Amino acid sequence: MLNDSVKHILRQACRQPDEPLNILTFPTHERYETNLCKTGHNFYAFRADGIKDWNTNYGDVPSNYMLLNPEKQMDQIPPYVDFDIILSQNKAGQFQIAKQLSEQMHVPLVSLEHTLPFPEWGEEPLSQMRNMRGNFNVFISEYSYDAWGWKVDNDTGVIHHGIDSQQFKPSETVQKEDHILSVVNDWINRDWCCGFGLWQNVIKGLPHRVVGDTPGLSEPAKTTDDLVKEYQSSRIFLNTSSISPVPTALLEAMSCGCAVVSTATCMIPEIIKNEENGFISNDPNKLKQYLVDLLNDEGLAKEMGQKARETILEHFSLESFIKRWDKVLGMASNFLVW
């Protein structure tokens, strides 16, 4: 029997340049991973208690994304697949398993971090997590690795979100409604990071609509196409997140030509320049006034929506996202782990 190190070297030597990579990962972020699958590689999702599972309310499972059987525990990993990369997508639960698998299988580890450190963490746990480094490390924004206090070496890079602007786009046939849309899942329970209380304060007395899996408040869109129609039919989008590096729903709304009003937190002020391509503030009174101004001025809302979409096309293209991920995955697949 060949040991895993030799098997991996043989796999590297025999793999064709255009052959899809086999990547072992974990269900994490349905929309993000759907775009990741557009690289054309094969993804196998390890599932276990304590690890978030794929929620089909948030997105269909792509054809090249295989959900493994958690009942088999460690035996769920198919022995007939020669894996090229282990991809961890958070340091609170996934990384520990991913590191173990990387060492056992002698396969390089890519560590992607979607989130920010929790405010209540002290320096000691944060320092421990900073030591959780993969062979390659990816953050979704420069703001993110600064917030982690990450030592940036040659093994670290940033890949900004990519939005499919051909799917998330304005429609000439869908009527824009004079209401304020917000798209958030489990909003009430995630008030601490998604600002449900702030939203209640700001939206009071204004026409609004909420989409997302939040029992007692709202339901998710049945399909991605239905979600696109929600954006297309909404003149204004409101984001109230407090701890989210780059809210995906905000970017999708901008791509669909919504005029956006948002809290000025995390990376958002780098994306939205106040009164240029949207409106941002952390003052509830100002947020409400921006919403009222947009409701009363259809021309202003249309202008801001157009500029918001231009921002996505310039800085958050799906093509750039795929190209950058292909580069990282290509480098990682040729990394030797002994």
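The values are calculated or read from the model by the stated rules, or taken from the named source; none is laboratory data. From a predicted model like this one, the values you see are computed outputs, not experimental measurements. We place every Cβ from the backbone using ideal geometry, glycine too, and count neighbours over all the protein chains shown.
Couple of notes before you dig in:
- Restricted to the stretch 94-129, and to residues there that are hydroxyl-bearing (Ser, Thr, Tyr) and within 25 Å of Tyr32 (Cβ to Cβ), the residue that is nearest to the chain's Cα centre (by Cα) is Thr115.
- When the test is whether a residue is assigned to a helix (DSSP H, G or I), closer than 24 Å to Met74 by Cα and either in the same structural domain as Glu103 (by TED's automatic domain parsing) or modelled with pLDDT under 95 (or both), Arg11 passes it.
- The residues of the stretch 212-230 that are more than 21 Å from Glu33 (Cα to Cα), of a type outside the set (A, V, I, L, M) and surrounded by 12 or more Cβ atoms within 10 Å (Cβ to Cβ), listed by number, are Thr214, Ser218, Glu219, Lys229, Glu230.
- Test for Ser111: is it closer than 28 Å to Gly162 by Cα, touching a Gly at 6+ places or on another chain (Cβ under 6 Å) and surrounded by 12 or more Cβ atoms within 10 Å (Cβ to Cβ): yes
A quick yes/no check of all residues on (1) over 19 Å from Asp178 (Cβ atoms); (2) of a type outside the set (Phe, Trp, Tyr):
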residue	(1), (2)
Asn285	yes, yes
Tyr290	no, no
Ala308	no, yes
His315	yes, yes
Arg324	yes, yes
Phe335	yes, no
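- Tally of residues being surrounded by fewer than 24 Cβ atoms within 10 Å (Cβ to Cβ) and either β-branched (Val, Ile, Thr) or at pLDDT below 95 (or both) across the stretch 248-262: 1
- Qualifying residue in the stretch 80-97 (condition: in contact with a helix residue (DSSP H, G or I) (Cβ under 9 Å, 6 or more places away or on another chain), hydrophobic (A, V, I, L, M, F, W, C), surrounded by fewer than 16 Cβ atoms within 10 Å (Cβ to Cβ) and outside any helix (DSSP H, G or I)): yes
- Asp153 being under 21 Å from Asp326 (Cα atoms) and without any contact (Cβ under 8 Å) to a residue 24 or more places away in the chain: yes
- Scan of the stretch 55-79 for residues that are in a helix (DSSP H, G or I) and either exposed (fewer than 15 other Cβ atoms within 10 Å of the Cβ) or not assigned by TED's automatic domain parsing to the domain that holds Lys327 (or both), ordered by number: Pro70, Glu71, Lys72, Gln73, Met74, Asp75
- Count - residues of the stretch 97-146 that are among the polar types (S, T, N, Q) and touching a residue at least 12 places away in the same chain (Cβ under 8 Å): 8
Per-residue answers, yes or no, for (1) in contact with a strand residue (DSSP E or B) (Cβ under 7 Å, 6 or more places away or on another chain); (2) under 27 Å from Ala147 (Cβ atoms):
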{"residue": "Glu177", "(1), (2)": "yes, no"}
{"residue": "Ile180", "(1), (2)": "yes, no"}
{"residue": "Gly197", "(1), (2)": "no, yes"}
{"residue": "Gly216", "(1), (2)": "no, no"}
{"residue": "Ala221", "(1), (2)": "yes, no"}
{"residue": "Ile236", "(1), (2)": "yes, no"}
{"residue": "Ser242", "(1), (2)": "no, yes"}
{"residue": "Pro247", "(1), (2)": "yes, yes"}
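- Candidate set from the stretch 218-239 (those that are among the basic types (Lys, Arg) and in contact (Cβ under 8 Å) with a residue 12 or more places away in the chain); member that is farthest from Ile272 (Cα to Cα): Lys229
- Residues that are more than 24 Å from Ile268 (Cα to Cα), small (Gly, Ala, Ser) and either assigned to a strand (DSSP E or B) or in contact (Cβ under 8 Å) with a residue 24 or more places away in the chain (or both) do occur in the stretch 206-217, at least one of them.
- Of all the residues in the stretch 268-313, those that are farther than 20 Å from Ser171 by Cβ, in contact (Cβ under 8 Å) with a residue 24 or more places away in the chain, buried (at least 20 other Cβ atoms within 10 Å of the Cβ) and aliphatic (A, V, I, L, M) number 5.
- Flag set for Ser242, criterion: of a type in the set (Ser, Thr, Tyr), touching a residue at least 40 places away in the same chain (Cβ under 8 Å) and surrounded by fewer than 18 Cβ atoms within 10 Å (Cβ to Cβ).
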